[in-house]
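Heads up, the thing below is written out as structure tokens.
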Amino acid sequence: MTNILLLEDLPEIRAWLSSLVLQVFPGAQIAEAARVHDALGLVSAIKFDLALVDLGLPDGSGVDVVAALREHQPETQSVVVTIHDDDEHLFPALQAGAFGYILKEQARELIIEQLQRISQGEPPLSPSIARRVMAYFAAKSKPQPMSASSAAVPHVSLTDRETEVLLRVAKGYTLPEIGQQLTLSRHTIADYVKQIYRKLNVSSRAEAALEAQRMGLFGR
Amino acid sequence: MSRSGWHRRLHGMLCLGLLWLAAASAVAQDQTVTIRAAQAAVSDGPSFPTEPPAPLVELPDDWSVSRPGSSGPVWYRLTFVAPGLRETGELLALYIEHVCTNLQVYLNGQLIHSGGQMHEPITQNCNHPQLVGLPAGLIGPGPNSLDLKVVGHALQRVASTHRAGGLSALAIGPHSALAGKHARQVALNVAVPQAVSATLLLMGSFMFVLGWMNRRESHLAYFGALSVGWALIESRLWLRDLPFDNAVAELLLCSMLPLLTWASVQFLLRYAQYRHRWIDIALPLQAVVMPVTLLLAGPERLYPMASFWYVLLPLQTLAAAGFYLRTQYHVQRGAFWPMALFLCIATVALAVEYVAQSFGIRGSLMQMAQVATPVMMVLVGLRLLHQQGRAMQDAVEGKAHLEMRIREATAEIERNFTQLAELRVEKVTERERKRIAADLHDDLGAKLLTIVHTSDSERISTLAREALEEMRLSVRGLTGKPVRLIDALGDWRAEVVSRLGQAGIEADWSAPAEELPQTLSARAFVQTTRILREAVSNVIKHSGATHCSLSCDLADGDMQIIVRDNGNGIPMELDGRLDRGHGMASMKHRAKQLQGQCLVESGPGYGTVIRLTLPLTRATEAA
């Protein structure tokens, strides 16, 4: 029994995605939502295994739903399904805890393949996202002016191997190619990518929490 | 006047046993005899009054002491013998160091000298030593009588003891000896004050005009007025014939003093940057009140009234000087000491002059004091002019500096403004681009997407997908930032290799892997991406190739991308040109837009080579 959340505002696309999901996960229970508000209601009511979340929605951004899922149902795999391919849109969603992203206009077969890969633990990683992740962690590793408060944040950093993978992705190598270059199995590379996503999320969440705490302190 | 009378008088004098033998002196050939006593009688007659017998008086004879309240005229008679004069041929002379106000000299009854007008307005000779040559023809071998008719004014009628009636000691001696003494004294008493007057008048007028034209430097105007006033007052020492009688002349002279006080006090206060309304009013008022009090007192009480003012007015100046020095001491230590020195010397000189005037003292100290004050004024004036010159120079330099600063500031403001305007335009443009991009995604994107996934026709679906990708690239060209070339190569490689891989075509990518400094504008990146995408699409769809190699090289500022496949090649059309249906036209068009070119070589069975050359300098320009 698989519970899947499908958040998409365009009815045709929602229907199309729904059929596609059923093809990948036969017999899955699909809870459909067209608005962020409705999706958040579903998140508080149903426990999902997978969530396909659109970003640009009439009443807000799907990033909020991704964050809510990460907060309340950490086991749920959130996948962003979007028309935006640029890291400006994707990166915040990945920081919020999305495990991957699918570009909507791709051919049905391609999307099915990607969805299968994601559900098997092989999230996609584009060069621009890889560069963005590297830049994010590079900035974090710089000495912080407020050392006392940054000490409160759990220090998350990438391992050399993870950085190596990111570097190669950024240069345009595909994950299988990197696996060959590093003489690592496809699954090991996928694990690195998953780990990178996880660290990005953990670090971002800690940062956000610290930010909230800081605001609270100053607000008092 | 008879010779026997003379004898009798001389006899009488000797019989009285008086010790003043000098009155009848024997004048030797080359020696000067100072005469310190003479017979004196008040008379306005044409000759020395014989009756009643005139008493002997000591010389110098100060009328205010010997005959208080008297305004003369007074006749003086003295007798001298000059034995052997005719033999030597020496010319004798009478030297009168000081006579106030004027005199006539008679030798043995003959008028031999007149100092000028003997009636009002009397010629002022108080400061002019008189040298009277004694004609040898009139000098007898026996005792000679020398009569002096002196006209003058009682002390009460003048404002200074120096202008009160009186006669100094006399000297008789060789003309040659006395002429030198006379010349020296005239130089000191007359020439020096004349020079001082001229200097002060010139400098004062100049400074007055300077201060008047520049109201911010009002102290200069007051100092100029002070100098001019002092020059006028100084003229009393050398001007002899005024068209007024004594009363008017004294009144005018006295009236100058409150004006001088006004000028000096205001000069000192303004110079100390101080201004007070009451002082501005009080000083001119005083200048009016003082002459009025003198008029009210009347000519007979001029001296006591003037004496009162003589104390009051210098005290005001002194107070102003004290105020000035106190202020300067705290504000400008550097400028303090010179001015303090000048003021102290001037004060001492004025004090000496005051004492000398009050007690009728004459002498070199008095003369030095009389000169010291104007000399100090000249020094102060020079100092003020120097300061003014320096200030003007500073002002000119400051102005030049300021103008330069203004030019710089203006240029900077213009620069900043231009930058701000550019930033603003950039910001507005950026916002607008983002809005358009969002609209495109939300509206056009959603519709195209719906077509992609709902169309039954594969062709329409593909077209819509391509349109969507085009739109996305367009938006990126609109909103995107410049892309580093190394990043662009990474993106292209990822796309090309994964697409070819999915199509089952073996891909081979070669590109510089080192760090590249170049960046591509968003537009260049997008256009190049489109060309590459089209080329790869052609390989996948039409070539039937099993292998595709892509290479990117940088040389001579150009970027050359070569896509080479081992497929069927592009079929020729009837006219021998390559098929345009395979997106070749749009690829060439896009390359042209980037000032580059796209060459296609193809032959049936030989595969296809697409050479894309883009000038990096052009491609890196902002979109």
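A few points about this structure:
- Residue ranges of strands (runs of 3 or more DSSP E) in the range A:1-118 with at least 2 members modelled with pLDDT under 90 and not assigned by TED's automatic domain parsing to the domain that holds residue A:131: A:77-82, A:100-103
Okay, residues lined up against (1) touching a Phe, Trp or Tyr at 6+ places or on another chain (Cβ under 6 Å); (2) more than 27 Å from residue B:340 (Cα to Cα); (3) modelled with pLDDT under 90:
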{"site": "B:263", "(1), (2), (3)": "yes, no, no"}
{"site": "B:274", "(1), (2), (3)": "no, no, yes"}
{"site": "B:285", "(1), (2), (3)": "no, yes, no"}
{"site": "B:295", "(1), (2), (3)": "no, yes, yes"}
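- Residues of the range A:69-88 include none that is in contact with a strand residue (DSSP E or B) (Cβ under 7 Å, 6 or more places away or on another chain), of a type in the set (Gly, Ala, Ser) and farther than 28 Å from residue A:137 by Cα.
- Apart from one condition, residue B:526 fits all of (1) closer than 24 Å to residue A:175 by Cα; (2) within 14 Å of chain A (Cβ to nearest Cβ); the exception is (1).
- Total residues in the range A:173-192 satisfying the condition of being under 20 Å from the mean Cα position of the chain (by Cα), of a type outside the set (S, T, N, Q) and facing chain B (nearest Cβ under 9 Å): the figure is 0.
- Scanning the range B:300-357 for residues that are under 30 Å from the mean Cα position of the chain (by Cα), at pLDDT 85 or above and β-branched (Val, Ile, Thr) returns B:317, B:327, B:345, B:347.
- Checking each residue in the range B:431-465 for being charged (D, E, K, R) and buried (at least 17 other Cβ atoms within 10 Å of the Cβ) picks out only B:465.
- Output for the range A:7-60, where each listed residue is among the aromatic types (Phe, Trp, Tyr) and within 14 Å of another protein chain (Cβ to nearest Cβ): A:16
- When restricted to residues that are at pLDDT 85 or above and surrounded by fewer than 20 Cβ atoms within 10 Å (Cβ to Cβ), the range B:535-551 contains 6.
- Selection from the range B:556-589 of residues that are modelled with pLDDT of 75 or more, buried (at least 21 other Cβ atoms within 10 Å of the Cβ) and touching a Lys or Arg at 6+ places or on another chain (Cβ under 9 Å): B:561, B:563, B:587
- Number of the condition not met by residue A:164 [criteria: (1) of a type in the set (D, E, K, R); (2) at pLDDT 85 or above; (3) in a loop (DSSP other than H, G, I, E, B)]: (3)
- Residue check for residue A:88: out of contact with any Phe, Trp or Tyr (no Cβ under 6 Å at 6 or more places or on another chain) and either more than 18 Å from residue A:4 (Cα to Cα) or in contact (Cβ under 8 Å) with a residue 60 or more places away in the chain (or both): yes
- Scope the range B:238-273; condition aliphatic (A, V, I, L, M) and over 18 Å from residue B:377 (Cα atoms); matching residues: B:239, B:242, B:247, B:248, B:249, B:251, B:252, B:253
- Residue match in the range B:280-300 (condition: in contact with a Gly (Cβ under 9 Å, 6 or more places away or on another chain) and in the same structural domain as residue B:353 (by TED's automatic domain parsing)): yes
- Of all residues in the range A:123-141 being touching a residue at least 40 places away in the same chain (Cβ under 8 Å) and touching a Phe, Trp or Tyr at 6+ places or on another chain (Cβ under 7 Å), the one that is farthest from residue A:102 (Cα to Cα): A:132
- Check on residue A:63, among the β-branched types (Val, Ile, Thr), buried (at least 20 other Cβ atoms within 10 Å of the Cβ), more than 14 Å from chain B (Cβ to nearest Cβ) and under 18 Å from residue A:197 (Cα atoms): yes
- Top-ranked residue of the range A:103-116 - restricted to ones that are touching a residue at least 24 places away in the same chain (Cβ under 8 Å) and within 19 Å of residue B:495 (Cα to Cα), ranked as farthest from the other protein chains (Cβ to nearest Cβ): A:115
- Residue match in the range B:38-57 (condition: in contact (Cβ under 8 Å) with a residue 24 or more places away in the chain, outside the structural domain of residue B:362 (by TED's automatic domain parsing) and within 60 Å of the chain's Cα centre (by Cα)): no
Residue-wise test of (1) touching a residue at least 24 places away in the same chain (Cβ under 8 Å); (2) exposed (fewer than 12 other Cβ atoms within 10 Å of the Cβ).
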site	(1), (2)
B:266	yes, no
B:276	no, yes
B:281	no, yes
B:292	no, yes
B:300	yes, no
B:305	no, no
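- Any hit, the range B:491-511, residues being part of a helix (DSSP H, G or I), out of contact with any Pro (no Cβ under 7 Å at 6 or more places or on another chain) and more than 12 Å from every other protein chain (Cβ to nearest Cβ): no
- Looking only at the range B:466-507, residues that are among the basic types (Lys, Arg) and closer than 13 Å to residue B:533 by Cα come to 2 in all.
- Filtered residues of the range B:100-114 (kept if at pLDDT below 90 and within 24 Å of residue B:160 (Cβ to Cβ)): B:100, B:101
- Matching residues, the range B:336-371, being among the aromatic types (Phe, Trp, Tyr) and either buried (at least 17 other Cβ atoms within 10 Å of the Cβ) or touching a residue at least 60 places away in the same chain (Cβ under 8 Å) (or both): B:336, B:342, B:359
- Within the range B:448-477, tally of residues that are over 17 Å from residue B:541 (Cβ atoms), at the interface with chain A (Cβ under 9 Å from one of its Cβ atoms) and not hydrophobic (A, V, I, L, M, F, W, C): 5
- Checked against (1) without any contact (Cβ under 8 Å) to a residue 40 or more places away in the chain; (2) within 12 Å of another protein chain (Cβ to nearest Cβ); (3) crowded, with 19+ Cβ neighbours inside 10 Å, residue B:480 passes all but a single condition, namely (1).
The values are calculated or read from the model by the stated rules, or taken from the named source; none is laboratory data. Owing to the predicted nature of the structure, the values given are computational and were not obtained by experimental measurement. Note that we place each Cβ from the backbone using ideal geometry, even for glycine, and neighbour counts take in every protein chain shown.
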